[in-house]
Amino acid sequence: MKNYELVYVVRPNAEDEVKEAVLNKIQEVISANGEVEKVDTWGNKKLAYPIAKFTEGFYVLVNFKASADLPKELDRNLKINENVIRHMIVCA
């Protein structure tokens, strides 16, 4: 199992329940084939450039261990979610 870092940005005008639902969905996907080590919520931060007409976003960092095929499934789930405006998964 490898160590990975996931950073994703949620729309800043999303409700707290929506932000929590996105995090729960990500943790479900990771827990199915790996383990979540740490979740760090950064909160609302200014974006470097506008994304989908937003100048701010709600940032969350997730550190996890998983096999090599899990990031593809996680990427697919994040692309489907309309509340996530940007995400990045890197091997740490």
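Do we find that residue 33 is at pLDDT below 95 and either among the charged types (D, E, K, R) or surrounded by 10 or more Cβ atoms within 10 Å (Cβ to Cβ) (or both) in this structure? Yes; evaluated as a whole, the condition is true for this residue.
I need the full set of residues from segment 45-63 which are open to solvent by 80 Å² or more (accessible area, probe 1.4 Å) and out of contact with any Leu (no Cβ under 7 Å at 6 or more places or on another chain), in order please. If the condition is that a residue be open to solvent by 80 Å² or more (accessible area, probe 1.4 Å) and out of contact with any Leu (no Cβ under 7 Å at 6 or more places or on another chain), then 45, 46, 48, 49, 50, 53 are the ones that fit. Looking only at segment 64-92, residues that are open to solvent by 30 Å² or more (accessible area, probe 1.4 Å), in a loop (DSSP other than H, G, I, E, B) and under 26 Å from residue 50 (Cα atoms) come to 2 in all. For first residues located in segment 20-45 and touching a residue at least 12 places away in the same chain (Cβ under 8 Å) and in a strand (DSSP E or B), partners that are open to solvent by 50 Å² or more (accessible area, probe 1.4 Å) and charged (D, E, K, R) and lie 6+ apart or on another chain with Cβ distances below 8 Å form the pairs 34/65; 35/65; 37/65; 44/56; 45/56.
If I ask for residues that are among the aliphatic types (A, V, I, L, M) and farther than 21 Å from residue 66 by Cβ, which ones from segment 22-48 would you list?
Hits for segment 22-48 are 47, 48.
The values are calculated or read from the model by the stated rules, or taken from the named source; none is laboratory data. Not measured: the values here are computed from a predicted model. FYI the Cβ positions are ideal-geometry reconstructions off the backbone, even for glycines, and counts take in every protein chain you see. For accessibility, only protein heavy atoms count, side chains too; no ligands or nucleic acids. Shrake-Rupley method; radii C 1.70, N 1.55, O 1.52, S 1.80 Å.
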